[in-house]
1. From the square roots a ≥ b ≥ c of the eigenvalues of the alpha-carbon gyration tensor of the range 11-76, which class results: rounded (a/c under 1.5), prolate (a/b over b/c), or oblate?
2. Using the Cβ atoms and a cut-off under 14 Å, what net charge is assigned to the surroundings of LEU98, where Lys and Arg are +1 and Asp and Glu are -1?
3. With the crude spin-label approximation of a point 7 Å out along Cα→Cβ, what separation in nm comes out for MET200 versus SER26?
4. What's the local net charge at VAL88, with K and R +1, D and E -1, over the other residues with C-beta under 15 Å away?
5. Out of the trypsin sites (Lys or Arg not before Pro) in the range 150-182, which ones are loop residues according to DSSP with at most 11 other C-beta atoms within 10 Å?
Amino acid sequence: MVEGLKELFLRFNYTDEKGFILNVPSLNNGEHLTLGFDNKRKEFNIHFTNDNITVPGAKRREFIFAMSAFRFFLFLKRFEVFYNQSIVNLILSSKTNLGKLKKYKFIVNTFVTSDEAEDKLIHKRKNGKHWKFRENFDWNLIADNFKYLEESDLNSDKVLIAYKYDKGHLSLQGFIYKFEHLKGVYFIPIRKYNRFARYMAIAMYNYLNAYPTEETLPFRQLMFERLKHPYLNKQEEKSLQS
């Protein structure tokens, strides 16, 4: 597990000539996912790259999504309004108080907001464009940042991840927020957050499927297989499976 974590990377590159590329690891060995914007073609795309293929001229990239700059930024603008309204409703409907949270004996992970601990675990290169786990980091740094929730942990500049300890295991319970201009504490249970994320994914799928193109078909098929929600009607199912 430790060796596997050390192989994880995030790499971001940008040039005025080519645009930006964000590489992230995938679950398949030797394969990574790339999100990119091509300044020459004025196009946003998503593709998988197989680093195991080393034969010159062989096809290493499999595109699953491509969209013109105009359509892509139009999609972002429209989706942003819907997302902002939805996330506000999600948070405002999740108001609670510290007493209730402490009653459940939540354990929080303060490591995720500790810049000092992060610097000791993650090696950043090329002006922060390349992230990788350090070879000699101390796992105790992570363990030492788990603690039972206290009022001193709540402030408006961080999100806390809440866990419960049961039978020797930590189980994720949700996310705790406190905002500068809102009274109270807000707790989003993980099940509620997962429903919200699924709702957003369905909304994204429905938008893309309302304006179908050949270049987005693999991505829409992938989303359909992951979601298979009753919001997707039979006609859409037939068109994607054909």
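1. Prolate, because a/c is 1.5 or more and a/b exceeds b/c.
2. Summing Lys/Arg as +1 and Asp/Glu as -1 gives +4.
3. 2.3
4. Surrounding charge for VAL88 is +1.
5. LYS167
A short reminder: the numbers here are calculations on the coordinates, not readings from a lab. Note that the coordinates shown come from a computational prediction; the quantities given were computed from them, not determined experimentally. Positions of Cβ are generated from backbone atoms using ideal geometry, with glycine treated the same way; all protein chains shown enter the neighbour counts.
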